Amino acid sequence: MKLLSQASARYLLQHRVQLFLSVLGVSLGVAVVLSIDVATESSREAFRISAETVSGRATHQIVSDVAPLDEGLLSRLRIELGLRESAPVVEGYASSAALPGQALRVLGVDPFSEGPFRPFVVGGGLGVDVADFLTTQRAVVMSRALAERAGLTVGDSLPVQVSGDSWSLQLVGTVDPTDELARAGLADVLLMDIAGAQEVLGLVGGLTRIDLRLPGGPEGEALAGGVRTVLAPGESLVTAGTRADAMSGMIDAFDVNLTALSLLALVFGMFLIYNAATFSVVQRRALIGRLRAIGVTRGEVLRLILAEAAWIGVAGSAVGIALGLVLARGLVRLVTRTINDLYFSVSVESVPVEPALLMKAAALGLGATVLAALPPALEAAGVRPRVAGLRSVAESRMRYLVPRAAVVGLVAALLGGAVLALPTVGLTVSFVGLFFVVAGLALTTPAGTLVLVRVLRPLLHGVGGTLGLLASRGVAGALSRTAPAIAALVVAVSVTVGLGVMIQSFRGTLERWLDGTLRADIYVSLPGVTASRATGTLWPDLIDDFVSHPDVVGHSTYRGVDLLEGGGGYRLVALDLDPRGQEAFDFIDADEAEVMRAFTADQGVIVSEPFAFRRGVQRGDAIEIPTPDGPQNLEVLGVFYDYGSDQGAVMMSRGLYDRFFDDPGVTSLALFVGPGVDSEQVVRELVAGVAPDRTVVARTNDTLRSASLDVFDRTFQVTAVLRLLAFIVAFVGVLSALMAIELERSREFGVMRAWGLTPAQLWKLVVTQTGLMGLVSGVLAVPMGIALSVVMIFVINKRAFGWTLDMQLGPAVLAQAIGLALLGALVAGIYPAWRMARTRPAVALRGE
Amino acid sequence: MRAQRAFVLLFGLTACSGPEPAAEVEGARLSLVETLSGSDTVGYARALEPRAFGFPVDHGPHPDFRTEWWYVTGNLTSESGRDFGFQFTIFRNALAPTLPGGPSAWATNQAYMGHFALADVGVGRFHAFERFARGAAGLAGAEAEPLRVWLEDWTLEATSDETFPLSLAASDGDVAIRLELAEGKPVVYQGDRGLSQKGPEPGNASFYYAHTRMPAAGRVVVGEESFDVRGLAWLDREWSTSALAEGQVGWDWFALQLDDGWEMMIYRLRRTDGSADPLSDGVLIDPDGLRVPLEWGTDVFMDATGSWTSPIDGTVYPSGWRITVPERGWDLSVEPRLGAQELDVSFRYWEGAVSVSGNGEGGAGVEGRGYVELTGYAGFAP
């Protein structure tokens, strides 16, 4: 056995480049998976810690879906129900010029109620004088780290902005929790007395929630029952964490998509290992045959090959983990920015690495490597000593396998397609289906290669003469070597194409939708925390001022309230539409004018496509909307296309909204200017008239449109990065495979050189051959890429986010596919060609 | 009296959260004493000279003064003969002289603390509870007309347009009390016409009046059991912007109700060296409600006859006293009805029901009940 290990080690050392590429492939695969895991996990963890820190040790919470809680509820709970362990909370977001780019969480509490809930609020030795906290108007306490970052010491004031209003908070103390968790949870918290928080957040008279601690068992049940009797409609008692879970659930689909992409990189890494292991077996067939002849058993051969793979797996995983941790730091920023753009505010202070994630990455790396090496290892072990040296055996076996693989592949792809076609399956299963489609189509590539090469042969012959013919025979005749490389290249390119088409279609759909939706000339909202969603309430006098600007000829108002429930949430919107803005909606299977007539006549609501998709709602159904008067059943008048949020939206006319809600506020305002008026100029005039302590965001149609597309582009940066990484892994795989093929044929080339082939002709031969493989891969990748994009656009996206996208297939994407494959293959051919051309025929012929 | 409860309240605010390292708590405590012995009386009203009390207004709050309390203690007996002592106190404390401003109903400079204790003398158990709330948003507060003082569901309030009878209610877990208190004897003004000097400096004084014999009837609940009870209660009302003077560490306060119709209220302000401060004071109230002032060390003498050691940290409290007013023939023996009546709340002190026997006015044999408060023993190093 020692002899075997030595043989193995020598072989690997003699093929250092290949060894390096194999390890690199595994490393990249592992790194991508780990970094995505760490990035999504970090953002979730940061959200969880911050949610837990602010909800403290509460077991239950009273929350309201429809409006702030009435602040009088707390004294009723305490006095009528004797519910001692109850704490009022007012919560919201602020930003500060002293802490640029950071969303700050304002947590307003009553220190007297905090004892059982948030120990960091009260407790001796924290250096905070509770009397100062209570009696200094707009006093704030923050973690020492945050104060240092803002450059503040106790006694200083912190300028903040909340929904466009400017405030000055007085820093009366800092806390420096020794507990790591509390420290992380407080990283973005501005702790204020409830009075100051109400004032700053514009919640005077209301509470965001009431935290409770209820005992378990029947006693707790009885208390909970008592609590429910004093709740108004729309207010509910939920267990602590329900809301955090619901919020966290918003990003589930987003996470699954990222994880699927990251696994793709690992699958490419597996291809690479498979290639490397196959070649190491193919190249050593003679050696293995001799070993078998002298009595080495099949098991020993099997173990030998698998051990080699395992070592590559270990090395690749180790490098991959290190690489992944570096990569994760970059990806965390992209991932959290997207979450902040689209879902909720989260600030990741650190990137803690769970040992479990490292284990998972290492196990994936090692497991994938060994798994990929298994087929070639089995093949090597199965070799009969006598025929081992003959490559023709491998080739005839390949010829036997090709049609069968194509059939199996087609069946697998059809099976995957069938899974995808089932309307009921979830997102994860859809990805499994997608994997089957990809793997199945990959299995058909050898057959496809044979067909294509045959089709191209006359052409090659015509253009390249004998060399062209030789090149085409080289590809088809060495299928056992070329097929895996071509398959890998096809998959990589098709995934790139698929993602490209998907992103392009998505962006195109969004652009068209924006063009249709953004009917007004100027949009006014408050600076908010989440880029894609307006929040807060515009000042009524400002609305009056803006609307009465001489150039403004009409306006629409928008009121958006976010409702949380179950596994996510949606936005309830009240619209007061100017007649000019009524065509902004594009309905699914319904007459626009008819729906809008019913809508403006307060006859029901319209819902966005993601909302309808998530809840299985159709036009004509009734949906239940929580209101202060209790839940209301409203008819769905129409389902409109909406790409603004994957969480869904329900819109009703302002009249209907005012009937149920005592909430005259306006979240954003759309203004129409007269014909020929310069919107930019009007925006400048409007903004100039705003009081200095107020900040509004007034944007022209064009600015808002490009801002929206910016958010989109930012969102897909992560995808683009992953796409690139996956392609790099695949490219490395192809590079190593092609190199191995060409290097293995050095003896053959030596013979050709001896016959009189010049170095230039050899160059031409090798490059034609790899170019042919690239061309074949590119051509095969186009239909496969289109198939993938169809799945991603019409199945994955729909199931993840509920959007219908228009598929947009430009020739550019397809040309790009073929170009990529060609380029990849040509680049991969350069080194072997250069090396062959340099080698003296005699050396090459000396062989083993 | 009970000026030092200002410390109790403020300390409670910074340390009501539960277990903290002892050193930190000690530090917080000491720094608070330092803070309060300083000059933060600025901006508050002060008790500088006797005032004209007016009722029912003066039953209500005086938010310009830093501290104030409604302090009810009493001894009760059930129909079946089970004895109880109770203490119900609501403290008001101004955290700053002025309101913080702003539109929120939660904005306040007033904080409230409540202590409720029940001595279940019959079975030898003692229950004590503490609460805090801000004086806003309906959680806690005080109003004069009609009288209503409350901290969540602990309340002391008039039951009609008249101030008396008062209704008192408090509960925590399975311990509850609900009493109706009649006025009993008229108001007694302590000190100089209700101005009670606590330190040598002007203004280091409180306004102080009491109802010393209020017939009480109601119900006490302990666990599964509930008792109809009767007895006598004592209401102390005091407001001030004062603190313990330098060298004072605490006090021993006695409120005794004798069955011949007399009451005695005395307090000894203890100095660091264990001696009585000259400002220690006392008074006797005759059956008609007339007060007889006592000069400490000349008219009235007090000696501890025993001690009780706290199981918490070994703090030793005096327990059992001999109090004499030789000129009038008074010679009383005062014994706690339970040893363990220490309130283990933010600021530890002993406040408990006592029984009295001996000789009263004119040397006649007399019995009685009362309440004793001992502060400055636990936590403060002399």
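Kindly evaluate A:Val683 against the criterion of being over 18 Å from A:Ala584 (Cβ atoms), β-branched (Val, Ile, Thr) and either in contact with a Pro (Cβ under 9 Å, 6 or more places away or on another chain) or not assigned by TED's automatic domain parsing to the domain that holds A:Ala232 (or both). Steps first, please.
Numbers: over 18 Å from A:Ala584 (Cβ atoms): yes; β-branched (Val, Ile, Thr): yes; either in contact with a Pro (Cβ under 9 Å, 6 or more places away or on another chain) or not assigned by TED's automatic domain parsing to the domain that holds A:Ala232 (or both): yes.
Spelling it out, A:Val683 is indeed over 18 Å from A:Ala584 (Cβ atoms), β-branched (Val, Ile, Thr) and either in contact with a Pro (Cβ under 9 Å, 6 or more places away or on another chain) or not assigned by TED's automatic domain parsing to the domain that holds A:Ala232 (or both).
Quick check: anything in the range A:741-750 outside the structural domain of A:Met651 (by TED's automatic domain parsing), over 26 Å from A:Ala487 (Cβ atoms) and assigned to a helix (DSSP H, G or I)? Looking through the range A:741-750, at least one residue is outside the structural domain of A:Met651 (by TED's automatic domain parsing), over 26 Å from A:Ala487 (Cβ atoms) and assigned to a helix (DSSP H, G or I).
Counting only residues that are assigned to a loop (DSSP other than H, G, I, E, B) and at pLDDT below 90, the range A:647-666 holds 7 of them. When A:Val227 is tested against (1) of a type outside the set (Phe, Trp, Tyr); (2) more than 14 Å from chain B (Cβ to nearest Cβ); (3) under 37 Å from the mean Cα position of the chain (by Cα); (4) in a helix (DSSP H, G or I), just one condition goes unmet, and that condition is (3).
Just one of the listed residues (B:Thr375, B:Thr305) is modelled with pLDDT of 95 or more and of a type in the set (S, T, N, Q), namely B:Thr305.
Does B:Ser275 meet the test of being modelled with pLDDT of 95 or more and surrounded by fewer than 23 Cβ atoms within 10 Å (Cβ to Cβ)? Lay out the reasoning, then the answer.
Numbers: modelled with pLDDT of 95 or more: no; surrounded by fewer than 23 Cβ atoms within 10 Å (Cβ to Cβ): yes.
For B:Ser275, the condition - modelled with pLDDT of 95 or more and surrounded by fewer than 23 Cβ atoms within 10 Å (Cβ to Cβ) - is not met.
Of the residues contained in the range B:197-206, one or more are found to be in contact with an Asp or Glu (Cβ under 6 Å, 6 or more places away or on another chain), surrounded by 23 or more Cβ atoms within 10 Å (Cβ to Cβ) and either within 29 Å of B:Pro97 (Cα to Cα) or polar (S, T, N, Q) (or both). One residue stands out among those in the range A:200-215 that are of a type outside the set (A, V, I, L, M) and either touching a residue at least 12 places away in the same chain (Cβ under 8 Å) or away from chain B (no Cβ under 13 Å) (or both): the one that is nearest to B:Ala107 (Cα to Cα), which is A:Gly205. Taking the range A:149-199 and the strands (runs of 3 or more DSSP E) fully enclosed by it, the elements with 2 or more residues that are within 14 Å of chain B (Cβ to nearest Cβ) are at A:165-175, A:189-193. In the range A:390-408, is there at least one residue being assigned to a loop (DSSP other than H, G, I, E, B) and either under 24 Å from A:Met784 (Cα atoms) or modelled with pLDDT under 80 (or both)? The answer is yes, given that some residue of the range A:390-408 is assigned to a loop (DSSP other than H, G, I, E, B) and either under 24 Å from A:Met784 (Cα atoms) or modelled with pLDDT under 80 (or both). Residues in the range B:167-182 include at least one that is modelled with pLDDT of 95 or more, assigned to a loop (DSSP other than H, G, I, E, B) and under 29 Å from B:Arg291 (Cα atoms).
Between A:Val90, A:Val38, which is under 32 Å from the mean Cα position of the chain (by Cα) and within 14 Å of chain B (Cβ to nearest Cβ)? Break it down into steps so the answer makes sense when it comes.
Working: A:Val38 fails: within 14 Å of chain B (Cβ to nearest Cβ).
Among A:Val90, A:Val38, only A:Val90 is under 32 Å from the mean Cα position of the chain (by Cα) and within 14 Å of chain B (Cβ to nearest Cβ).
Go through (1) more than 26 Å from A:Arg684 (Cβ to Cβ); (2) modelled with pLDDT of 90 or more for A:Val552 and report which single condition fails. Condition (1) is where A:Val552 drops out.
Whether a residue is assigned to a loop (DSSP other than H, G, I, E, B), out of contact with any helix residue (DSSP H, G or I) (no Cβ under 8 Å at 6 or more places or on another chain), more than 9 Å from every other protein chain (Cβ to nearest Cβ) and not small (Gly, Ala, Ser) was assessed, and B:Phe126 does not pass this test.
Being in contact with a helix residue (DSSP H, G or I) (Cβ under 8 Å, 6 or more places away or on another chain) and among the polar types (S, T, N, Q) is the filter; apply it to the range B:65-97 and report the residue that is surrounded by the most Cβ atoms within 10 Å (Cβ to Cβ).
Within the range B:65-97, the subset in contact with a helix residue (DSSP H, G or I) (Cβ under 8 Å, 6 or more places away or on another chain) is B:66-67, B:69, B:91, B:93, B:95-96.
Subset that is among the polar types (S, T, N, Q): B:67, B:93.
Values: B:Thr67: 26, B:Asn93: 24.
That would be B:Thr67.
Is it fair to say A:Asp663 is acidic (Asp, Glu), assigned by TED's automatic domain parsing to the domain that holds A:His549 and within 29 Å of A:Ile796 (Cβ to Cβ)?
On the way: acidic (Asp, Glu): yes; assigned by TED's automatic domain parsing to the domain that holds A:His549: yes; within 29 Å of A:Ile796 (Cβ to Cβ): no.
Answer is no for this residue.
Applying the condition of being away from chain B (no Cβ under 14 Å) and not hydrophobic (A, V, I, L, M, F, W, C) to the range A:128-148 and asking which residue is nearest to A:Phe112 (Cα to Cα) yields A:Ser143.
Condition first: β-branched (Val, Ile, Thr) and surrounded by fewer than 21 Cβ atoms within 10 Å (Cβ to Cβ). Can you find one or more residues in the range B:330-349 that meet it? There is at least one residue in the range B:330-349 that is β-branched (Val, Ile, Thr) and surrounded by fewer than 21 Cβ atoms within 10 Å (Cβ to Cβ).
Could you tell me which residue of the range A:414-443 is nearest to the chain's Cα centre (by Cα), considering only residues that are among the polar types (S, T, N, Q) and surrounded by fewer than 23 Cβ atoms within 10 Å (Cβ to Cβ)? Applying the filter and picking the extreme gives A:Thr428.
Is it true that A:Pro111 is farther than 17 Å from A:Ala187 by Cβ, of a type outside the set (Ser, Thr, Tyr) and within 14 Å of chain B (Cβ to nearest Cβ)?
Numbers: farther than 17 Å from A:Ala187 by Cβ: yes; of a type outside the set (Ser, Thr, Tyr): yes; within 14 Å of chain B (Cβ to nearest Cβ): yes.
Taking the combined requirement at face value, the residue satisfies it.
Scan the range B:171-188 and give yes if some residue there is β-branched (Val, Ile, Thr) and in contact with a helix residue (DSSP H, G or I) (Cβ under 7 Å, 6 or more places away or on another chain), otherwise no. Within the range B:171-188 (the criterion being β-branched (Val, Ile, Thr) and in contact with a helix residue (DSSP H, G or I) (Cβ under 7 Å, 6 or more places away or on another chain)), the answer is no, since none of the residues qualifies.
Residues in the range B:131-159 that are touching a helix residue (DSSP H, G or I) at 6+ places or on another chain (Cβ under 7 Å) and within 11 Å of chain A (Cβ to nearest Cβ): B:Phe132, B:Ala133, B:Arg134, B:Ala137, B:Gly138, B:Leu139, B:Glu152, B:Asp153. The residue pairs whose first member lies in the range A:544-561 and is assigned by TED's automatic domain parsing to the domain that holds A:Met651, whose second member is aromatic (Phe, Trp, Tyr), and whose beta carbons are closer than 6 Å, counting only pairs six or more residues apart or on different chains, are A:Val553/A:Phe672; A:Gly554/A:Phe672.
The values are calculated or read from the model by the stated rules, or taken from the named source; none is laboratory data. None of these values were measured; they are calculated from a predicted model. Counting neighbours? That spans all protein chains shown, and the Cβs are built from the backbone with ideal geometry, glycine included.
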